[in-house]
1. Considering only residues of region 118-137 that are among the basic types (Lys, Arg) and over 26 Å from MET53 (Cβ atoms), which is modelled with the highest pLDDT?
2. What are the pairs, 6+ residues apart or on separate chains, where a residue within region 55-69 that is in a helix (DSSP H, G or I) and aromatic (Phe, Trp, Tyr) has its Cβ under 8 Å from a residue that is modelled with pLDDT under 95 and surrounded by 12 or more Cβ atoms within 10 Å (Cβ to Cβ)?
3. In region 1-26, what count of residues is obtained for those that are on the phi < 0 side of the Ramachandran plot and either among the aromatic types (Phe, Trp, Tyr) or within 10 Å of the chain's Cα centre (by Cα) (or both)?
4. Taking region 81-117 only, how many residues are in a loop (DSSP other than H, G, I, E, B), modelled with pLDDT of 90 or more and in contact with a Leu (Cβ under 9 Å, 6 or more places away or on another chain)?
Amino acid sequence: MASPTVPRRWNTEIDGIRWLPRLIDKARMDHRGELGNYLLGHSPVDHALLTRMGLTTEQFSEIVRQVPDDDAVLEAVRARWDEARVRRWSARFTSTYRTYIMLWDIDEGYVRPTGLQALGLAAFRPLEGVAMTLLRRVRRAP
């Protein structure tokens with residue numbers, strides 16, 4: 001697999017589980033020292049999936065380090081998770097994380113914020129992690 005500069009999109013699935021491919025990519029990026037502004041295990045979405053899989057960030061990261069591909073990661077985590085709970089979470093993903101989805105898609109260039117073309121910014125290219133960094137700052141403000 002090529003070294004991504006951004007993890008796979010939020011809607012990419014492995015065996016019907018959203019976010020798992022993205023979490024795998026972030027773990028691999030972290031192992032290579034290329035995580036950048038992304039969070040691994042500390043984002044609310046990572047935490048939610050890891051909790052449902054019954055894994056800590058460190059345990060998940062070690063599984064990803066030890067196995068060669070997505071299918072092997074899936075098999076390793078399947079031994080620990082409550083499958084019904086993980087699938088329920090994945091099925092509700094879009095409604096649960098609606099606000100984040102918009103920010104991820106803008107941040108990673110999948111969509112352009114409305115009105116930018118009218119402002120003469122047709123060549124808008126998002127900066128990696130900017131929208132999520134701003135969201136984290138707003139959430140931490142008193």
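The values are calculated or read from the model by the stated rules, or taken from the named source; none is laboratory data. No experiment lies behind these values; they were computed from the predicted model shown. Methodologically, a virtual Cβ is constructed for each residue, glycine included, from the backbone with ideal geometry; neighbour enumeration extends over all protein chains shown.
1. Once the filter is applied, the top-ranked residue is ARG137.
2. Between residues of region 55-69 that are in a helix (DSSP H, G or I) and aromatic (Phe, Trp, Tyr) and residues that are modelled with pLDDT under 95 and surrounded by 12 or more Cβ atoms within 10 Å (Cβ to Cβ), the close pairs are PHE60/GLY41.
3. The total comes to 15.
4. Total satisfying the criteria: 1.
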